[in-house]
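**Q** Before anything else, here's the structure in question.
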Amino acid sequence: MDATKETVGLMNGSSVWSISETDDIDFSRLLDKPKLNIERQRSFDERSLSELSIGLARGIDNLETTNSPGGRSGFNTPASSARNSFDPHPMVADAWEALRRSLVFFRGQPVGTIAAYDHASEEVLNYDQVFVRDFVPSALAFLMNGEPEIVKQFLLKTLHLQGWEKRIDRFKLGEGAMPASFKVLHDPIRKTDSLVADFGESAIGRVAPVDSGFWWIILLRAYTKSTGDLSLAETPECQKGMRLILTLCLSEGFDTFPTLLCADGCSMIDRRMGIYGYPIEIQALFFMALRCACSLLKHDEEGKECIERIVKRLHALSYHMRSYFWLDFQQLNDIYRYKTEEYSHTAVNKFNVIPDSIPDWVFDFMPTRGGYFIGNVSPARMDFRWFALGNCIAILSSLATHEQAMAIMDLIEARWEELVGEMPLKIAYPAIESHEWRIVTGCDPKNTRWSYHNGGSWPVLLWLLTAACIKTGRPQIARKAIDLAETRLLKDSWPEYYDGKLGRYIGKQARKYQTWSIAGYLVAKMMLEDPSHLGMISLEEDRQMNPVLKRSSSWTC
């Protein structure tokens, strides 16, 4: 999120786990133990999509109704527990103070956090607004600290804004679109507060956010999982809000793929970076939001119809992504040997990708063990770049199979210097430069090589990396990344992003006291301390969606 930002894109009990106690623990096994049982009942998350499609009349009674057993994570805040054995890093208290300073109030109630609290910057621009995407890590931090009311108010206010008529120039947006951001206007004379929303009409590039609605659904589930409170999700307003978001995405048209067609600048990468088409970030968030909606939608007449469409789309989407977006050593070698101009259903090279278009860097980048979901797949085009958010969400949503999730972590370990360097975590790799940079970015001076979204390092991604590490049983990777962040973040005043091939330099236009950098660090620390927090943001693999993964006959030479 930055001055040019166009889009959006935030447990009660006590926790007794400490970092020292978890050094040798296999977190994937730990999550199965009764003490940290994320799902106390068999929930929609665990049930197969086939069961869902058959048993639509069973109602929402099977949705988990107990709180996630995580707790306030023992940090030095008013809500923390003195009996917790976790010895926090000195940065933690500063982080909580900075996070609370960023709170935005509407009629006396906190409704979100502003993007950045950087008084040293001459231009405020839209950094004093509450962005839907940016608030997610803040929301998770508050939920983990036993403060769900802030999150509830945010969900309700953004839901209210969704109902507004949305026009850009003389063109009307889809009814279900969520705002990129909103601002609270205080009138000291009349003593009134009002909301002003941005659906893309004020954004640089005038691009509406595609991911806002997905993050909203994901956060609604996180709130429900954390509090055990079904009443919010079951309100007619929330049910309608979810259906409107999904109606936008599940509509049928001319597209032959189950993926979601998107413009450049519609996600966290909110400037032109050549991600038009089917960017991995949007596809992974789309998949996760669909799965979350399955567990939240009521089984009334409207809900059942929506769930039926979701189930069909999920099966198609998971197959498509796992087959065609996945890249490992073997698949790279297969693409390298593709023939072109093939016709009919027997074609091996379905998208007519020209092998000569494979960039040289990917051959050296790909380890023998490891793999990842590439950035984009569309006719005659494969974007081989690594995008961190999409791959982490693929793990958390179980879009990635267990084997693929482990391969992604293998890749991160094997290419630590390139993807992590000195400040977690590269948003994209590698950077584009020279003539390609001029064409792809439109000579964007903010997206020069190894800066901002063009290979910059973003501390907010630390929480996503940590969650993925815990889910795959690799907590040591997260701990190493957090240790790196703790050497710089506070000293550098919590920058928005870092520049350079290794992430050594504070971003040339990065704001200080960037709220999601602060919140991302807190969430990572709390999850590593108490892995049960992962249940808020993670979905288990659906066995019925995971037959032995092999390509259709047309992919077999």
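**Q** Taking the Cα of E123, stepping 7 Å toward and past its beta carbon, and measuring to each backbone N in the stretch 196-233: which are under 14 Å?
**A** Answer for this model: 203-205.
**Q** Moving to a separate point now. Using heavy-atom solvent-accessible surface (probe 1.4 Å) with all chains present, what is the largest-first order of T227, T346, T466, T256?
**A** Ranked from most to least accessible, the order is T256, T346, T227, T466.
**Q** Moving to a separate point now. Taking the alpha-carbon distance from K501 and a cut-off under 24 Å, which lysines remain once sequence neighbours fewer than 8 residues away in the same chain are dropped?
**A** K5, K426, K446, K480, K491, K512
**Q** Still on this structure, please answer the following. Keeping all protein chains in place and using 1.4 angstrom, which order do F257, F373 fall into by accessible surface area, from largest down? Please report the intermediate quantities before stating the final value.
**A** Values: F257 40, F373 0 Å².
Result of the area sort, largest leading: F257, F373.
**Q** Just how much of K480 is accessible, in Å², when a 1.4 Å probe is used and the result is rounded to the nearest 10?
**A** Counting only protein heavy atoms, the figure is 110 Å².
**Q** Could you name the lysines whose alpha carbon sits less than 16 Å from that of K350, not counting residues in the same chain fewer than 8 places away?
**A** K339, K550
**Q** Heavy atoms of the protein only, probe of 1.4 Å, neighbouring chains included. What is the accessible area of H435 in Å², nearest 10?
**A** About 120 Å², rounded to the nearest 10.
**Q** Work out the FRET efficiency for R369 and Q109 from their Cβ-Cβ distance, taking R0 = 51 Å, and round it to the nearest 0.05. Don't jump to the answer; show the numbers that get you there.
**A** Working: r = 51 Å, r/R0 = 0.99.
Taking R0 as 51 Å, the efficiency between R369 and Q109 is 0.50.
**Q** Could you report the accessible area of E417 in Å², rounded to 10, computed with a 1.4 Å probe on the protein chains as they sit in the structure?
**A** Probe radius 1.4 Å; accessible area of E417 about 120 Å².
**Q** OK, next. Return the FRET efficiency for the residue pair Y319, D187: r is the Cβ-Cβ distance, R0 is 45 Å, and the value is rounded to the nearest 0.05.
**A** 0.25
**Q** What does the extension gain come out to for V196 and R170, with contour length at 0.36 nm per residue minus their alpha carbon separation?
**A** 7.5 nm
**Q** Two decimals is fine: what is log10 I(q)/I(0) at q = 0.11, 0.19, 0.22 Å⁻¹ for the stretch 417-557, from a Debye sum with one equal scatterer on every Cα and no solvent?
**A** At q = 0.11, 0.19, 0.22 Å⁻¹ the computed log10 ratios are -0.51, -1.01, -1.18.
**Q** Separate question: Between E234 and E341, what FRET efficiency follows from the Cβ-Cβ distance if R0 is 60 Å, with the result rounded to 0.05?
**A** Details: r = 54 Å, r/R0 = 0.90.
With R0 = 60 Å, the Cβ-Cβ based efficiency is 0.65.
The values are calculated or read from the model by the stated rules, or taken from the named source; none is laboratory data. Just so it is clear, the structure is predicted and the values come from calculations on it, not from any experiment. A quick note on method: Cβ atoms are made from the backbone with ideal geometry, for glycine too, and the neighbour counts reach across all protein chains shown. To get the accessible areas, we keep the full protein, side chains included, count just its heavy atoms, and leave off ligands, DNA and RNA. Shrake-Rupley method; radii C 1.70, N 1.55, O 1.52, S 1.80 Å.
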